[in-house]
Amino acid sequence: MAIEETRKFVETGEYEVLLSADEIRNKVKELGKQLSSDYEGKCPILIGVLNGSFIFCADLFREITIDCEVDFIKISSYGEAMETSGRVRLRKDIDAHLNGRHVVVVEDIVDSGYSVNYLREKMEKANPASLKFVSLLLKEGTARTEYQIDYVGFRIPNRFVVGYGLDYAQKYRNLPAVYLMD
């Protein structure tokens, strides 16, 4: 997306800011502090879920004050739609060995729960010492299956959002805040 298009998106006022860059930054610091405390004396591995979580994962990684590692997995359930297809597909697997490791899966947003359950099942097969999930956003009222998120940044309404890594058809990821887009 051209920078000019992004500026237009922000400046037109057509889209409402849901979470400002400052609100996000403060929450990421809080989550980093909590993870640092919870994993004191351990070396967790963060598994970022591409593409959406890459910005959140990088910022969170920098806020963690203990030794930790990072790897990435890429899955897809949306394509270019605004609603999940319900079918999760693996696009890129992790390289790290998880056996006996403390694994923290980093999601940008959780709504239906399909991706979380897919990832939980996949990660548990690797026999980690522990497995936790952190998500910047948890969309309320959209669960289609039961799931557990251990660390939640923000609970948001059932609206489509973009920015801070979240996209619509691969656009708007580079926006510094989270915007409502209907």
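The values are calculated or read from the model by the stated rules, or taken from the named source; none is laboratory data. Predicted model, so just to flag it, every value in this text is computed and none were measured. Reconstructed Cβ throughout: ideal geometry from the backbone, glycine too, with neighbour counts over all protein chains shown.
Structure data summary
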{"item": "Failed criterion for CYS43 (all others in (1) surrounded by 18 or more Cβ atoms within 10 Å (Cβ to Cβ); (2) at pLDDT 95 or above hold)", "result": "(1)"}
{"item": "Checking ASP182 against (1) in contact (Cβ under 8 Å) with a residue 40 or more places away in the chain; (2) over 25 Å from GLU69 (Cβ atoms); (3) not in a strand (DSSP E or B), the condition it does not meet", "result": "(1)"}
{"item": "The range 43-80 - residue that is outside any helix (DSSP H, G or I), of a type in the set (Gly, Ala, Ser) and within 15 Å of TYR164 (Cα to Cα) and, of those, nearest to the chain's Cα centre (by Cα)", "result": "SER53"}
{"item": "All positions within the range 99-127 that are touching a Pro at 6+ places or on another chain (Cβ under 8 Å) and closer than 20 Å to CYS57 by Cβ", "result": "ARG101, HIS102, VAL103, VAL104"}
{"item": "Qualifying residues in the range 91-111 (those that are touching a helix residue (DSSP H, G or I) at 6+ places or on another chain (Cβ under 8 Å) and part of a strand (DSSP E or B)) - the one modelled with the lowest pLDDT", "result": "VAL110"}
{"item": "Extreme residue, nearest to PHE54 (Cα to Cα), among residues of the range 138-179 that are of a type in the set (Asp, Glu) and surrounded by fewer than 17 Cβ atoms within 10 Å (Cβ to Cβ)", "result": "ASP150"}
